[in-house]
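Written out below as structure tokens is the structure these notes cover.
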Amino acid sequence: MSTPPPQGNPFAQNQPAGQPQAPYPPQGGYPQQPGQPGIPPQGAGPYAPVPPQPSGRKLSFKTIKNVVIVVAVAGIAIGGWITSRDDANTAAVGDCMHRGSTNDNNPDLEVVECSDAKAQFKVLAKIEGSYMTETLASSKCEAEAKDFQYTYTESGDGKDFLLCLQDHKK
């Protein structure tokens, strides 16, 4: 037969096996009062508790990439709108125009101030509708503006129109 292991602290010295040993002797001979200032309560560590970290959401690469794409698309759309504000489709009777290209198929007309040195043409009439042939456009301009010298037609952007132009006299 064997003897059961001793109960209590196996490392206790000079103490009978059945008596538990106190973990620490009381300080200064007085028992510790819970909540006493200057003395931490039993079971507390020597350091103050660490507050939990704020649960801040970190931005992922995907989120940053999506924001950059949205900003770029918005910038391109705004830039396109700003640059198209002086296109031929915004011209009105009395406006002056500048031809930005020598290509007859795409003259790149833009509205400019009549006092601007770039002003080359003056709009005599703007007529809504589609005019596929030069003859049809010229006959329509003759009816609307007798002194016209040039015609400009634009179609395909949802608004088809014809401009009757003459040289701008400076």
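Can you tell me the length gained on complete extension of the stretch residue 149 to residue 104, counting 0.36 nm per residue apart and subtracting the Cα distance?
Details: separation 45, 0.36 × 45 = 16.20 nm, distance 1.50 nm.
Separation in residues times 0.36 nm, less the Cα-Cα distance, equals 14.7 nm.
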Self-check item: Sequence of 148, 61, 161 from largest to smallest accessible area, 1.4 Å probe
Solution: 61, 148, 161
Practice problem: Would you mind computing, in nm to one decimal, how far apart the modelled labels at residue 50 and residue 78 are, each placed 7 Å from Cα along Cα→Cβ? | Solution: 4.4 nm
Quiz item: Under a 1.4 angstrom probe, counting protein chains only, how are 97, 132 ranked by accessible area, largest first?
Solution: 132, 97
Practice problem: Pull up all non-local amide H partners of residue 112: gap of 5 or more, or a different chain, and H-to-H distance under 5 Å with H placed in the peptide plane. | Solution: 96, 97, 98
Quiz item: Per-residue accessible area for residue 115 at 1.4 Å probe radius, Å² rounded to 10?
Solution: 110 Å²
Quiz prompt | Backbone HN-Hα couplings from phi across region 102-107 [Karplus 6.51/-1.76/1.60, Hz, Gly and Pro as x] | solution = 8, 6, 5, 6, 9, x
Quiz item: So what are the radius of gyration and Dmax for the Cα set of region 55-170, in Å?
Solution: 20.4, 75
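The values are calculated or read from the model by the stated rules, or taken from the named source; none is laboratory data. Everything quoted here is computed from the prediction, not taken from an experiment. Every residue, glycine among them, receives a Cβ derived from its backbone with ideal geometry; neighbour counts consider all protein chains shown. The protein model used for the area step is the full one, side chains on, heavy atoms only, and it has no ligands, DNA or RNA in it. Shrake-Rupley method; radii C 1.70, N 1.55, O 1.52, S 1.80 Å.
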